[in-house]
Amino acid sequence: MAMEPVASSAKVTPRSGLRAEKRAPLSKHVWMNRYLYLMLIPGLAYYLIFHYLPMYGAIIAFKNFNLSKGILGSPWAGLYHFRELFGQDKFWEVFRNTLLISLYRLIFGFPAPIIAALLLNEVRKMAFKRTIQTIIYLPHFVSWVIMGGILVSLLSLDYGMINHLLARIGIEPIPFLSSPSYFRSVLVGSMIWKEFGWNTIIYMAALAGINPQLYEAAMIDGASRFQRMLYITLPGIKHTIVILLILRMGYMMEAGFEQIFVLLNATVISVADIIDTYVYQLGLEEGQFSLAAAVGLFKSLINFSLLLIANRLAKAMGERGLY
């Protein structure tokens, strides 16, 4: 007599198992990954305290802020400060300076760490490679105050080392730090010198993730070192380059306040005064807090818009983007 199979009321299928896993309580998931969440706390606290909580003060841009009355007690002014801001020739001058300096930093500064990482990736002697990495990393840890003193010692018209060498070979001294024609080049060049080595770390990490078998196969096929770099290395880090470029667009209106504040002088203020130094002048020197907040809010809106546009363009070109 054949036995009929007994229908189990607790029949388990892969789909039901997946649903059960999804129904697992959140507290259990958090507890299982508690150490990872603990590592997130310092970063989250930093952004919460220094980036999100200060956003409350942005409403100053829409008020006639009075220090004695506080933010909530100050009367509303609507868009008055923005209309006043856009009617100033000084604002459009610093806006143009900020945009030009940021474009120069993007065009000349963004490819520099990529080129450095590609060159370091081709070095086979590890001792030499680590030495070069250490040398180019070091300027990142030097503050702009000290870096400004170094630049003055190198580029000063009267006692700068470079002008002293130029005079020795019969060339007239060049006013690098006091001429509007040279000052932006000094800003961009010193920024690249200070930061490009540190930025190579991300690209070096991306290069380490490329499968070595791809290089071996290319060598067997007779590909030269340049061809391997062009057809394996660059495509291997393309996504990293795109992501960092999108993030860089989100800082497009950040032209380097510390650097310019240290090196700025009256002879070059027409080409080097940027939005951040203008905000410093309005807010801390003149006490026009509402107008300074309006400038800062306008700059943040431009950065946010550029970030969204860059991300949309990247996705339209087939990249994953930020989200």
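All of the numbers you see were taken from the coordinates with simple rules; none came from a lab. Since this is a predicted model, take the numbers as computed values, not measurements. Because the Cβ atoms are built from the backbone with ideal geometry, glycine has one as well, and the counts that use them run over all protein chains shown.
Taking the alpha-carbon centroid of each part, what is the distance from the range 105-134 to the range 251-323 in angstrom?
The two parts, judged by their Cα centres, are 28 Å apart.
Sum -39500 (n - 2.57) across every DSSP H segment of at least 4 residues in the chain, then divide by the residue count to get the 222 nm mean residue ellipticity, nearest 500. Please list the in-between numbers first.
Working: 18 runs with 199 residues, N = 323.
Mean residue ellipticity at 222 nm (helix-derived): -18500 deg cm²/dmol.
Report which label in (i) 24.8; (ii) 19.7; (iii) 21.1 holds the value of Kirkwood radius over Cα pairs in Å derived from the coordinates of this structure.
So the structure-derived entry is (i).
Taking a 27 Å limit on the Cα-Cα distance, which of the listed pairs Lys194/Lys238; Lys194/Lys299; Lys90/Lys315; Lys125/Lys315; Lys63/Lys90; Lys28/Lys315 fall beyond it?
Values: Lys194/Lys238 24 Å; Lys194/Lys299 25 Å; Lys90/Lys315 37 Å; Lys125/Lys315 39 Å; Lys63/Lys90 22 Å; Lys28/Lys315 36 Å.
Pairs exceeding the cut-off: Lys90/Lys315; Lys125/Lys315; Lys28/Lys315.
Nothing charged except the Cβ atoms of Lys and Arg (+1) and of Asp and Glu (-1): what's the magnitude of the dipole of the chain about its Cα centre? Round to the nearest 20 debye.
On the way: 28 positive and 18 negative charges, 281 e Å.
Here the chain has a charge dipole of around 1340 debye.
Can you give the relative contact order of the chain as a percent, counting alpha carbon pairs under 8 Å and 6+ residues apart?
Numbers: 275 pairs, mean separation 76.5, N = 323.
RCO, the chain: 24 percent.
Between Gln259, Tyr37, Tyr278, whose Cα lies farthest towards the positive end of the dipole of the chain when Lys and Arg beta carbons carry +1 and Asp and Glu beta carbons carry -1, centred on the Cα centre?
Comparing the listed Cα positions along the dipole, Tyr37 ranks first.
Using a 10 Å cut-off around each Cβ, can you sort Met55, Met191 from fewest to most neighbouring Cβ atoms? Don't skip to the end; give the middle numbers.
Details: Met55 10, Met191 21.
The most exposed by this proxy come first: Met55, Met191.
Taking other Cβ within 10 Å of each residue's Cβ, how do Tyr80, Tyr46 sort, fewest first?
Values: Tyr80 16, Tyr46 10.
In order of increasing Cβ crowding within 10 Å: Tyr46, Tyr80.
Quick check on the exposure proxy: order Leu72, Leu322 from fewest to most C-beta atoms within 10 angstrom. Walk me through the intermediate numbers first.
On the way: Leu72 7, Leu322 15.
Ranking Leu72, Leu322 by Cβ neighbours within 10 Å, fewest first, gives Leu72, Leu322.
Which Cα, out of Leu155, Ser300, Leu234, lies furthest along the positive dipole direction of the range 87-316 (beta carbon charges, K/R +1, D/E -1)?
Leu234
Can you list residues whose amide H is under 5 Å from Lys63's amide H, if they're 5+ apart or on another chain and H is modeled 1.01 Å from N?
Ala77
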